[in-house]
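The values are calculated or read from the model by the stated rules, or taken from the named source; none is laboratory data. This one's a predicted model, so the numbers in the text were calculated from it and none came from an experiment. Backbone-built Cβ (ideal geometry, glycine too); neighbour counts: all protein chains shown. We work out accessible area using only protein heavy atoms, side chains counted, and drop any ligands, DNA or RNA first. Shrake-Rupley method; radii C 1.70, N 1.55, O 1.52, S 1.80 Å.
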Amino acid sequence: MAIMERGSQQNSRQATHAVPGPGAHAAVQPARRPVNYIWAVARLAIGWIFLWAFVDKLLGLGFATPEQKAWINGGSPTTGFLKGMADGTFGGFFSGLAGQGWVDWLFMIGLAGIGTALILGAGVRVAAITGGLLLMLMWAAELPLANNPFLDEHVIYAIVLAGLALVNAGDTLGLGRWWGGTALVKRYPILK
């Protein structure tokens, strides 16, 4: 009897780990676990950080950017940060980029696009890649770091962005599941 029960348990375990057949993934909706909501909140929080930086630099709301230095008032969203890093390890390179029109446009489009994608939960993979690159460039501009030999919030945010992409964080509290089902994303999965 014990042998049969153990065999039954093994069969039931195997049944719960069965691989669905072709086309079954579209119909199966995985159960949302509490950790999915933690990742979703992290996605929304980092998305807000990027989007807020865009809005503040665009309009000069007085938080990090005073009104007279707002982009819409002719200010450069990259000059303050990059010129302030002139004494850093790569200061000559980054201060040379400060205030250039193409750098300002790329930076602002990046902030808006990354923030919007993360808030919506669509395009999280692209947002994670581009956001991670932007954050690592900002980290490099600050070298040497004032409070730690190599680690600061830019690196931590980049790691979290990678995690968001890997766990499909846009599927919970976002448009990621719908976006992933579109023909465009099915053809180019990196856009998920």
*Heads up, I need the accessible area for W179: 1.4 angstrom probe, whole protein in place, Å², nearest 10.*
60 Å²
*Calculate, in nm to one decimal, what V155 and F93 gain on full extension: separation in residues at 0.36 nm each, minus their alpha carbon distance.*
20.3 nm
*Whole Å is fine, so just give me how far the alpha carbon centre of segment 120-145 lies from that of segment 40-61.*
13 Å
*Can you pull the percent of segment 48-175's accessible area that's carbon plus sulfur, 1.4 Å probe, other chains left in place?*
70 percent
*Can you list the aspartates and glutamates whose alpha carbon sits under 12 Å from that of K57, skipping same-chain ones fewer than 8 residues off?*
E67, D104
_Size of charge dipole - segment 44-185 - debye, nearest 20, with Cβ of Lys, Arg +1 and Asp, Glu -1, no other charges_ = 280 debye
*In nanometres, what is the gap between the two model label sites at W48 and L173, each 7 Å from Cα along Cα-to-Cβ?*
0.9 nm
*Using a Förster distance of 25 angstrom, determine the FRET efficiency expected from the C-beta separation of Y188 and L59, and round it to 0.05.*
0.15
*With a 1.4 Å probe and every protein chain left in place, tell me how much accessible area T116 has, in Å² to the nearest 10.*
60 Å²
*Please work out the average accessible area per residue across segment 44-192, using the 1.4 Å probe convention, and give it in Å².*
54 Å²
*Cα gyration tensor shape for segment 43-113, rounded if a/c is under 1.5, else prolate or oblate*: prolate
